[in-house]
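J.: Just passing along the structure, written as structure tokens.
The values are calculated or read from the model by the stated rules, or taken from the named source; none is laboratory data. Fair warning: this is a prediction, and the values are worked out from it, not measured in the lab. Every residue, glycine among them, receives a Cβ derived from its backbone with ideal geometry; neighbour counts consider all protein chains shown. Note: accessible area is taken over every heavy atom of the protein model, side chains too, but ligands, DNA and RNA are not part of it. Shrake-Rupley method; radii C 1.70, N 1.55, O 1.52, S 1.80 Å.
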Amino acid sequence: MHNQVVVIGSSNIDLIARLSHLPKPGETVGNAESSQAHGGKGANQAVAAARAGAAVSFITSLGDDAFADSMLQDFKRSGINTDYVVQHKNTPTGTAYIWVDAQGENSIAVAPGANYKLSPDYIDECRILISGAELILLQLEIPFETVEYVIDLAASLGKKVMLNPAPAQKLERKHLKALYNLTVNETEAAMISGLPVDSPEQVMEAGKKLLSMGPEMVVITLGSRGVFYLTKREQKMVEAYPVKPVDTTAAGDVFCGVLASQIVQNKKMMEAIKYANAAAALSTTRLGAQPSAPNQQEIKAFLDQHEF
Ligand code: ADP
């Protein structure tokens with residue numbers, strides 16, 4: 001389908017505890033407030049892309065528990081094509097245990113469950129869908145061999161691939177070379193480039209190194225410092241929007257999903273980044289992963305408010 005983003009990645013149930021401060025090893029913090037939300041980097045990015053106006057199909061693997069049913073309903077409500085969601089018997093849906101402190105900082109432990117059953121064989125069953133994609137969006141919360149398999153397949157079909165290598169892991173050159181877009185946060189930028197990313201000059205150097213490793217474009221998200229974007233022809237630093245964050249859990253996911261939605265809608269890259277930057281800033285002012293992803297009207301209203 002024209003303008004279609006195919007997201008291939010994880011789905012998790014997020015079990016969230018909001019605390020005064022994050023517990024240190026051996027420490028018990030007894031004042032937590034608990035809540036649940038649908039998360040997982042793949043699902044967050046799929047929902048963010050769909051809410052931002054893209055046609056999205058999601059390839060993901062769920063368990064056979066109640067979490068899986070409510071996730072499926074939620075994907076459908078967000079307008080995602082769920083025909084390629086697979087469910088495995090006697091398998092728990094992926095679960096993330098998330099702590100968020102009073103400043104909105106987080107610590108996360110992930111139990112992958114069904115996500116680790118998303119195999120290269122299953123990707124073969126999705127070949128028709130993948131052949132019709134405009135852009136394939138990947139993260140690293142599914143088996144690494146599946147990610148590599150998808151990149152090779154997409155390259156053989158001449159498809160654009162956008163990779164958000166989170167959680168951070170090194171990739172082979174041949175896979176980095178096959179990427180249309182590599183979007184990384186500071187941790188991922190430092191790990192893959194092997195360079196520090198503290199000062200603006202270091203960010204630029206790390207960006208250049210990443211670009212030299214093969215992708216057509218590199219985007220480094222820098223939290224409250226904004227976004228650095230670079231291709232062979234241009235490079236630009238974009239400031240973050242001034243907001244008061246309450247939960248930064250899925251800011252990077254919202255950024256990636258929204259950026260993908262803008263790329264398939266043929267937006268100019270700077271415009272696409274500005275839109276994703278606004279959507280991600282807005283998401284930090286709300287709780288939860290998927291619930292925090294804004295829709296087109298909300299992003300537009302935020303941009304109108306923040307036009308300087
Ligand atoms: P991750 O969640 O992967 O660590 P970042 O922290 O870099 O990613 O955040 C991704 C994007 O979200 C940033 O580039 C920015 O657009 C937005 N963002 C994150 N934190 C803030 C903040 N405190 N203020 C404004 N925007 C933010």
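J.: What are the pairs, 6+ residues apart or on separate chains, where a residue within region 97-111 that is under 18 Å from PRO25 (Cβ atoms) has its Cβ under 9 Å from a residue that is basic (Lys, Arg) and open to solvent by 50 Å² or more (accessible area, probe 1.4 Å)?
T.: Hits for this filter: TRP99/ARG18; ASP101/ARG18.
J.: Taking ASN181, is it open to solvent by 10 Å² or more (accessible area, probe 1.4 Å), within 16 Å of the ligand (Cβ to nearest atom) and not hydroxyl-bearing (Ser, Thr, Tyr)? Give the derivation first.
T.: Numbers: open to solvent by 10 Å² or more (accessible area, probe 1.4 Å): no; within 16 Å of the ligand (Cβ to nearest atom): yes; not hydroxyl-bearing (Ser, Thr, Tyr): yes.
Considered against the rule, which asks whether it is open to solvent by 10 Å² or more (accessible area, probe 1.4 Å), within 16 Å of the ligand (Cβ to nearest atom) and not hydroxyl-bearing (Ser, Thr, Tyr), ASN181 comes out as no.
J.: Being open to solvent by 10 Å² or more (accessible area, probe 1.4 Å) and of a type in the set (A, V, I, L, M, F, W, C) is the filter here, so list the residues in region 264-279 that pass it.
T.: Within region 264-279, MET269, MET270 qualify.
J.: Another question about this same structure. Given the options ALA289, ALA301, name the one that is without any contact (Cβ under 8 Å) to a residue 24 or more places away in the chain and more than 28 Å from LEU195 (Cβ to Cβ).
T.: Every option except ALA301 fails the conditions.
J.: Kindly indicate whether ALA66 is crowded, with 18+ Cβ neighbours inside 10 Å and more than 16 Å from ASP101 (Cα to Cα).
T.: no
J.: Specify which of the listed residues (SER261, SER283) is touching a strand residue (DSSP E or B) at 6+ places or on another chain (Cβ under 9 Å) and among the hydroxyl-bearing types (Ser, Thr, Tyr).
T.: Testing whether each residue is touching a strand residue (DSSP E or B) at 6+ places or on another chain (Cβ under 9 Å) and among the hydroxyl-bearing types (Ser, Thr, Tyr) leaves just SER261.
J.: Within the group GLN169, GLN139, which residue is under 17 Å from the mean Cα position of the chain (by Cα) and at pLDDT 95 or above?
T.: GLN139
J.: On to the next question. Wholly within region 80-164, which strands (runs of 3 or more DSSP E) include no fewer than the required count, namely at least 1 residues that are open to solvent by 30 Å² or more (accessible area, probe 1.4 Å)? Break it down into steps so the answer makes sense when it comes.
T.: On the way: elements: 85-87, 94-100, 106-111, 135-138, 160-163.
Strands (runs of 3 or more DSSP E) meeting the threshold: 85-87, 94-100, 106-111, 160-163.
J.: Filter region 202-230 down to the residues that are open to solvent by 10 Å² or more (accessible area, probe 1.4 Å) and within 19 Å of HIS175 (Cβ to Cβ) and list them by number.
T.: LYS209, LEU211, SER212, MET213, GLY214, GLU216, MET217
J.: Same structure, new question: Looking for whichever is within 22 Å of ILE16 (Cα to Cα), more than 16 Å from the ligand (Cβ to nearest atom) and more than 17 Å from the chain's Cα centre (by Cα) here; the options are ASP83, ASP74, ASP121. Which one fits?
T.: Only one candidate passes the filter, namely ASP74.
J.: Please find, among ASP247, ASP253, ASP304, the residue that is within 16 Å of ALA49 (Cβ to Cβ) and of a type in the set (Asp, Glu).
T.: The match here is ASP253.
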